[in-house]
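The values are calculated or read from the model by the stated rules, or taken from the named source; none is laboratory data. Bear in mind that the values here come from a model prediction, so they are computed numbers and not experimental data. Glycine gets a Cβ as well: all are built from the backbone with ideal geometry, and neighbour counts include every protein chain shown.
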Amino acid sequence: MKTSKITSQKGVFAIEFALGFVVLFMFTMLIFETCRVTYIAAVLDYATAEAARDARVQLKENEEYKKYEFTDCDTLSNSSEKDHCLRVKQIGKDQFSQWYYKFISTNAGVLWDVFTSASDYSIHVDAYLSPVDFASNKKTTDWNKATLAEYTVTYIYRPLILQASFAEMPITRKLIAIQDTALFREKLKG
């Protein structure tokens, strides 16, 4: 009768589990990061379009800048209001930027606050007097006469797992809109 020599199997399960868990964890994080990028891109698309619409059709200016214009943000006791004050001052008087920030802060939801940082996105607007000026990249600073505007929002995406600077990726959204101002409406009437 043959007797088989039993070899020690202690710890094999732990090693197999550790190897399998690493693969499972990395795959799960890949799915999570893909969903996060998709979510951020969708919010940026929607917010850019809505803020551009709000900025050009509002009959009054956004009051956020005036509210904090002469306020010393460091004296505010509430930390969230202090952060809001600093961000509004950083944005400045540009109406699109103010409407964009207001739209993001009121409509993006809790996930936006969890997954992103307000300091990771930047907003830029260029105005043009005509489509010919836009084609030749001849910008204007006279917003009252501008008939076109190019709204650009850039978000610097950083993966949650790999926080190194080489892993950063900009997500940029551009929107070209006809400035539907009262002056432009008068031009259309003839």
Q. Which number in (1) at pLDDT below 75; (2) in a helix (DSSP H, G or I); (3) surrounded by 10 or more Cβ atoms within 10 Å (Cβ to Cβ) marks the one condition that residue 24 misses?
A. (1)
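One line per residue, one yes/no per condition, for (1) in a helix (DSSP H, G or I); (2) within 17 Å of residue 119 (Cβ to Cβ); (3) modelled with pLDDT of 70 or more; (4) under 21 Å from the mean Cα position of the chain (by Cα):
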position	(1), (2), (3), (4)
77	no, no, yes, no
84	yes, yes, yes, yes
89	yes, yes, yes, yes
93	no, no, no, yes
104	yes, yes, yes, yes
Q. Which residue out of 161, 156 is of a type outside the set (D, E, K, R) and either in contact with a Pro (Cβ under 9 Å, 6 or more places away or on another chain) or modelled with pLDDT under 75 (or both)?
A. 156
Q: Working carefully through the options 47, 108, find the one that is modelled with pLDDT of 75 or more and small (Gly, Ala, Ser).
A: 47
Q) Quick check: anything in the stretch 53-73 at pLDDT 75 or above, in a loop (DSSP other than H, G, I, E, B) and surrounded by 10 or more Cβ atoms within 10 Å (Cβ to Cβ)? A) yes
Q: Output the residue which, of all residues in the stretch 164-190 that are of a type in the set (S, T, N, Q) and at pLDDT 70 or above, is farthest from residue 38 (Cα to Cα).
A: 179
Q. Pairs, please: C-beta under 6 Å, at least 6 apart or cross-chain, first residue in contact (Cβ under 8 Å) with a residue 40 or more places away in the chain and among the acidic types (Asp, Glu) and in the stretch 11-28, second surrounded by fewer than 10 Cβ atoms within 10 Å (Cβ to Cβ) and part of a helix (DSSP H, G or I)?
A. none
Q: Can you give me the number of residues within the stretch 130-139 that are over 14 Å from residue 174 (Cα atoms) and either crowded, with 16+ Cβ neighbours inside 10 Å or acidic (Asp, Glu) (or both)?
A: 1
